[in-house]
1. Any residue in segment 50-72 that is in contact with a Ser or Thr (Cβ under 6 Å, 6 or more places away or on another chain), farther than 15 Å from V129 by Cβ and open to solvent by 10 Å² or more (accessible area, probe 1.4 Å)?
2. Taking strands (runs of 3 or more DSSP E) that fall entirely within segment 238-333, which contain at least 3 residues that are surrounded by 13 or more Cβ atoms within 10 Å (Cβ to Cβ) and hydrophobic (A, V, I, L, M, F, W, C)?
3. Taking the residues in segment 24-39 that are within 14 Å of the chain's Cα centre (by Cα) and modelled with pLDDT of 95 or more as candidates, determine which candidate is surrounded by the most Cβ atoms within 10 Å (Cβ to Cβ).
4. Report every pair of residues separated by at least 6 positions or lying on different chains whose Cβ atoms are under 6 Å apart, first residue within segment 202-229 and under 15 Å from V128 (Cβ atoms) and modelled with pLDDT under 95, second open to solvent by 40 Å² or more (accessible area, probe 1.4 Å) and part of a helix (DSSP H, G or I).
5. Evaluate the following for C120: is it in contact (Cβ under 8 Å) with a residue 60 or more places away in the chain, farther than 17 Å from I225 by Cα and buried (at least 21 other Cβ atoms within 10 Å of the Cβ)?
6. Going through segment 102-129 one residue at a time, which ones are within 11 Å of A143 (Cα to Cα), out of contact with any Cys (no Cβ under 9 Å at 6 or more places or on another chain) and part of a loop (DSSP other than H, G, I, E, B)?
7. Please go through (1) part of a loop (DSSP other than H, G, I, E, B); (2) modelled with pLDDT under 95; (3) open to solvent by less than 60 Å² (accessible area, probe 1.4 Å) for M1 and return the number of the only condition it doesn't satisfy.
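The values are calculated or read from the model by the stated rules, or taken from the named source; none is laboratory data. None of these values were measured; they are calculated from a predicted model. For neighbour counting, all protein chains shown are included, and Cβ atoms are generated from backbone atoms with ideal geometry for every residue, glycine included. The protein model used for the area step is the full one, side chains on, heavy atoms only, and it has no ligands, DNA or RNA in it. Shrake-Rupley method; radii C 1.70, N 1.55, O 1.52, S 1.80 Å.
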Amino acid sequence: MNNPNFKHSPNANQTPLPSGGAGGGCLGGGFHFEVCANSVESCIAAQQGGADRVELCAGIPEGGTTPSYGEIRQARRLLDEGAARGLKPTRLHVIIRPRGGDFLYTELELQRMLDDIRICRELGADGVVFGCLRPDGSLDTEANARLMEAARQRPTPSRPTLQTPTPSPSQGEGSLDTFSSDDATSNANQAPLPSGGAGGGCLSITFHRAFDRCANPTQALEELIRQGFDRVLTSGQQPTAEQGIPLLRQLHEQARGRIIILAGCGVNEQNIRRIYDETGVSEYHFSAREPLRSQMLFSNPDVYMGAKGADEDTILRTTARRVSETIRQLKEQ
């Protein structure tokens, strides 16, 4: 099965997915690249490097947790500004994960996740990323359905929509009884929001690497398809996507265009070509980070803010150079 000469024409056999569902995924052919961004700065670098999408996360050492309100808001604003300056429009997806550890959530945790999804919609995110499991390693279809329902709801507009009602006999020819001139002025000066986020459509939904902790990946993939997930992020249930090539190929063949397989974990400029050649997967998730030394002039080596022995004087941040170099490995065929 592990044939290094395997070549695949991306999406050749895939049926089109709904444009609002796949969130600008691999529709109509070609590759799509998602950067795991640990900060607003990493989002900016991902866009500069040509990424199609970012997954914004906090708590990377824990596998990714939900970022703050301010992080999401600023990422949305700056990605939009970059697109307005002529950079590639980069979609913003946000992880919904209240803590590190397993993916078995309490009711209180689910309530927080529901609130976080609503906030993401309000802030104009294009998609959300989550996943819930049962104690036996199967998908928690009920919990996932609740989160999906929150993501699929169309947001209530936070500002009035201009309407032109038919004037009643008591009104003048051009009067509007439901909309003031002040409202019209404020709306006229507001730029349209992204179609996937608060500006109108449902959020795109990715099932994250909880998939790599499920007991039966073949069965789980069919359940994700039945539930309506747009894509699944997976390393093929191995520590890295390169090690998970056999299962990634199997999942891609099983999916048959009904769901997007997003290969991630350890994907980089050195191995992305091999992963594609041996699996046919055409969406990739990678971080493209480089170490940045702290600018602190003084540091107390005896005190740690987290795990003892961790390097807390180095910041890992996505760079445009590594993003573009990783993309180049598949773009230049």
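1. Yes, there is a match, as at least one residue in segment 50-72 is in contact with a Ser or Thr (Cβ under 6 Å, 6 or more places away or on another chain), farther than 15 Å from V129 by Cβ and open to solvent by 10 Å² or more (accessible area, probe 1.4 Å).
2. Here the list reads 260-264.
3. The selected residue is A37.
4. From segment 202-229, the pairs are C202/G20; C202/R152.
5. Judged against the criteria, C120 is a match.
6. T106
7. All conditions pass for M1, except number (3).
Matching residues to (1) open to solvent by less than 30 Å² (accessible area, probe 1.4 Å); (2) out of contact with any Asp or Glu (no Cβ under 8 Å at 6 or more places or on another chain); (3) modelled with pLDDT of 95 or more:
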position	(1), (2), (3)
L114	yes, yes, yes
C132	yes, no, yes
T141	no, no, yes
N144	yes, yes, yes
M148	yes, yes, yes
A151	yes, yes, yes
P157	no, yes, no
